[in-house]
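Worksheet for the structure shown next.
The values are calculated or read from the model by the stated rules, or taken from the named source; none is laboratory data. Quick caveat: nothing in here was measured; it's all calculated off a predicted structure. Note that we place each Cβ from the backbone using ideal geometry, even for glycine, and neighbour counts take in every protein chain shown.
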Amino acid sequence: MHHRRLRQALTRSRIPFIPLLVIAVLAAAGGASAQSDSFCIGWDDPNDPSWGCVTISAFVPTNIYLCLRNPTGDQVLSWEARITHDNADCMIGTWTVGGVDADPDAEDFVVDCSGSPPLPGPQGIVLLGSMQVIVLNTSERIEFFIGPVPGSTAFPDGTPGYSHTVGVATPATVCSGDYALPVLHIDMCLMDAVESAGWGAIKALYGR
């Protein structure tokens, strides 16, 4: 389901929106570190990035990184994924990737990096790309999503993925655990704290 339709469905639900979102985020976070072949977006050191939500001041250039975590292969010859974000008018930034992107769509990446394959770093993280973000409006939350490339022939089952060996296509997951959930938030991180506090109250209510 598209992430905007998911949000509308949650809004129409009789169950409060925030608890549903908290459950989804916590479930994803609990499994993110253990996932193999997982596409993520982080910031700071690309070999040991943080994940979740980052506060970026207006007009302060900040680097974020597209990574593959815990790969089952020892290199990346090629990869593909659709990378989107909402509130595009609140920021400036363009992804830079190593290799050649064969897809002309700005959000769809079908990248051949076999000429100089990226390798896993010391934390089991492969750096695939980067973006220098300039936030124009910090009062809006910017959310990044990773998902499958529509109409992909390499991954017809609807997943992003990569190749570590010629002729072998390896499907990938995403750090959020679901293509409809954001892998990175920029700004409005207080919302996460409020949601976490709400989840704590729910657990206390049920004696957990």
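General remarks:
- Taking the range 111-120 as the range and being in a strand (DSSP E or B) and buried (at least 20 other Cβ atoms within 10 Å of the Cβ) as the test, only V111 passes.
- Of all residues in the range 121-136 being of a type outside the set (V, I, T) and either at pLDDT 95 or above or assigned to a strand (DSSP E or B) (or both), the one that is surrounded by the most Cβ atoms within 10 Å (Cβ to Cβ): L128
- Scan of the range 141-176 for residues that are surrounded by fewer than 16 Cβ atoms within 10 Å (Cβ to Cβ) and of a type outside the set (A, V, I, L, M, F, W, C), ordered by number: P150, G151, T153, P156, D157, G158, T165, G167, P171
- Any hit, the range 170-185, residues being in a loop (DSSP other than H, G, I, E, B), within 22 Å of P118 (Cβ to Cβ) and of a type in the set (F, W, Y): no
- Residue count for the range 81-98 under the criterion of being of a type in the set (D, E) and assigned to a strand (DSSP E or B): the result is 0.
- Considering residues of the range 99-110 that are assigned to a loop (DSSP other than H, G, I, E, B) and within 18 Å of the chain's Cα centre (by Cα) only, the residue nearest to N70 (Cα to Cα): E107
- Strands (runs of 3 or more DSSP E) enclosed by the range 31-80 - at least 1 residues per element that are at pLDDT below 95, of a type in the set (A, V, I, L, M, F, W, C) and in contact with a His (Cβ under 7 Å, 6 or more places away or on another chain): 52-54
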